[in-house]
Amino acid sequence: MIGQATGASVVEPGPTLAETAYERVEHLIVTLELEPGAVFSENALAESLGIGRTPLREALQRLAGEGLVTAIPRRGMMVTPLDLRSILAIIETRKALDRIIAVGVAARATAEQRQRIQQASQILERSHGSAAAFMEADYRLDEEIWAAAPNPFAVNSTRPLHSHCRRFWYRHRNDEDLARSADLHAAVVEAMIQGDPVSAGERSDKLMDYLTLFTKHILIAI
């Protein structure tokens, strides 16, 4: 009958080919397997990743819109250089957006969403022995948090900022930074799981304050 619950579970659709292509190329850029300033062709990248040219082109268009790649006429695509002058402005903007998201998730996420966020956070905590694994786990945690966020405008605005921050952080991090970052992420997640918007906002700010201090130390040393 229409309107009557059937008890069947809802199967969420998997990522599209373009989304999968985006995730794989973004990971290559963030982990510096595609170095800043590197020039590559769509055909060569599609072949090396085993991805069709159409979904890869869609992914590259999205990455270009986020400022991670740029088209070079008659040469292909180039990974944008790291812009050290803008990284603090990126973090400042991300701090405001991530607070909105953290508060919203803590206040309005469903029990299932909180469980998925907690599981992703546990994977992140176990992955700080490997920088590449940490980057992958951090991406997955972000995706779960964003899926639960009630403000899609904040999510869409902060997505590219996270990629720029991860790339900078990956370039300059050390093993102690992995563990510290994992602990700060876990604290934010704990507040989300407990449904505490005030603590979620405060802990999100603390995570961004750590990233700001980390960045300032790097910029002074360069």
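Answer yes or no as to whether T93 is over 16 Å from the mean Cα position of the chain (by Cα) and over 21 Å from N174 (Cβ atoms).
Judged against the criteria, T93 is not a match.
With (1) of a type in the set (A, V, I, L, M); (2) at pLDDT 95 or above; (3) farther than 17 Å from R159 by Cβ as the list, and L49 as the residue in question, which single condition is left unmet?
Failing condition for L49: (2).
Among the residues of the stretch 196-222, write down those that are in contact with a His (Cβ under 9 Å, 6 or more places away or on another chain), modelled with pLDDT under 95 and within 16 Å of R94 (Cβ to Cβ).
F214, T215
I'd like to verify a number: residues in the stretch 117-127 that are over 16 Å from the mean Cα position of the chain (by Cα) and either at pLDDT 95 or above or not charged (D, E, K, R) (or both), how many?
Result for the stretch 117-127: 3.
The values are calculated or read from the model by the stated rules, or taken from the named source; none is laboratory data. Please read all numbers here as calculations on a predicted model, not as lab measurements. Cβ sites come from the backbone with ideal geometry, for glycine too, and all protein chains shown count toward neighbours.
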